[in-house]
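Here the structure is laid out as structure tokens; the discussion comes afterwards.
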Protein chains: 2
Amino acid sequence: MTSVDPGDFGILDGISEVIATTRSESGIPNAAPIGIIRSPISDQICVRLFSGSHTRQNVIETGEIVANIIHDPVMYVESTFGDLDLDVFEYPDNMDCPVLKRANAWLLFECEQSKGNLFELTPVRGMVRDRPLVCVNRGFSAVIESLVHATRYQLKRDPGYLDLIGHYDRIVQICGGTREKEAILKLKKIMGGLS
Amino acid sequence: MTSVDPGDFGILDGISEVIATTRSESGIPNAAPIGIIRSPISDQICVRLFSGSHTRQNVIETGEIVANIIHDPVMYVESTFGDLDLDVFEYPDNMDCPVLKRANAWLLFECEQSKGNLFELTPVRGMVRDRPLVCVNRGFSAVIESLVHATRYQLKRDPGYLDLIGHYDRIVQICGGTREKEAILKLKKIMGGLS
């Protein structure tokens, strides 16, 4: 039995959007945003991982996944679309599974496929590195919403998603800080390459 | 000169959506969401306060405003639309200006009208009570976006804003936790009373 409480890491009921880090059987690290689903009734924790994703493949191979708690919008964009540089990862205490160097906190889960795309998560161990106070920034939220629409656009190529990204871009320009503006610019460049 | 750094309170460049607490000349406390604007170039901090708001009236009367850093979506809804119960406020060290009891941190500013609706903020003193780790929750962001549209609906009565709230309600039902669902339910009841 473990005494790690995901609530101490900010993983409350509802869906927490974190950056997952995993590794392939051969040891190649990967990072990608995932939504950790915590039920308010059963208190069970799970995640939906879709076919074709590195995260799903790695989890099937190794049974492990790390949730990285981080508030950098650029990191969300980069991990959605590409393989990050190897130097963003580290392996605390010789852990097999990588974590993000710049995460405020990380939590390692055992991860077992339950049915279909659903995987059950059991917390194993974690570390809190720092606890910055974070204010609500509508620009940050707009980057996250844009990423949701961008991944849907990748699948369906419906230009309606591009209009939605345009809407959120305007919010970023008004409400975002330097990092949010850098993040949405990077996203728009990637989307330009896709269309 | 003060040594209080708003960045330590999560007030970075861009617009930070916090809950402002103020008091009237006669001592009546008020709470309402505001957007604290911090420029990345001049590092100046200011806020736009519109005519007719208690916050603006109180700031003109007393020259003080407190930024409360808090992540409870219900508190954002309640402070947008109504006068909160008196017992949500407290006065640390006999400060004149109230703060929210349940805020993770608060920061007192001197507040001076610069031109039109723009008020300049100078940090005076603050306190950090706790530093919970907070994960990104799209349901929380959806409550905040709904509040923006709800206040616009109050002014313009354009039913398009109600459709947008419906859109964000669906995100809350999928991604939000118990507090986000309670918050959007409260908002929908208030909007029902408005229309």
Long-range neighbours under 6 Å by Cβ, at least six apart or interchain, first residue surrounded by 18 or more Cβ atoms within 10 Å (Cβ to Cβ) within region A:35-54, second basic (Lys, Arg): A:ILE45/A:ARG38; A:LEU49/A:ARG56
Residue within region A:85-98 that is at pLDDT 95 or above, in a strand (DSSP E or B) and in contact with a helix residue (DSSP H, G or I) (Cβ under 8 Å, 6 or more places away or on another chain) present: no
Of all residues in region B:39-72 being more than 14 Å from chain A (Cβ to nearest Cβ) and of a type in the set (D, E, K, R), the one that is nearest to B:ARG102 (Cα to Cα): B:GLU64
Verdict on A:LEU133 being within 15 Å of the chain's Cα centre (by Cα) and either at pLDDT 95 or above or in the same structural domain as A:SER53 (by TED's automatic domain parsing) (or both): no
Residue within region A:124-144 that is crowded, with 21+ Cβ neighbours inside 10 Å and over 17 Å from B:CYS135 (Cα atoms) present: no
Tally of residues being among the polar types (S, T, N, Q), in a helix (DSSP H, G or I) and within 10 Å of chain A (Cβ to nearest Cβ) across region B:133-172: 1
Any hit, region A:27-38, residues being more than 30 Å from A:LYS188 (Cβ to Cβ), modelled with pLDDT under 95, within 11 Å of chain B (Cβ to nearest Cβ) and touching a helix residue (DSSP H, G or I) at 6+ places or on another chain (Cβ under 8 Å): no
Meets criteria (farther than 23 Å from A:VAL134 by Cα and touching a residue at least 40 places away in the same chain (Cβ under 8 Å)) for B:ASP83: yes
Any chance B:SER79 is more than 10 Å from chain A (Cβ to nearest Cβ), hydroxyl-bearing (Ser, Thr, Tyr) and over 22 Å from A:GLY176 (Cα atoms): yes
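The values are calculated or read from the model by the stated rules, or taken from the named source; none is laboratory data. Values in this document were obtained by computation on a predicted structure and should not be read as measured data. Note: ideal-geometry Cβ built from the backbone for every residue, glycine included; neighbour counts use all protein chains shown.
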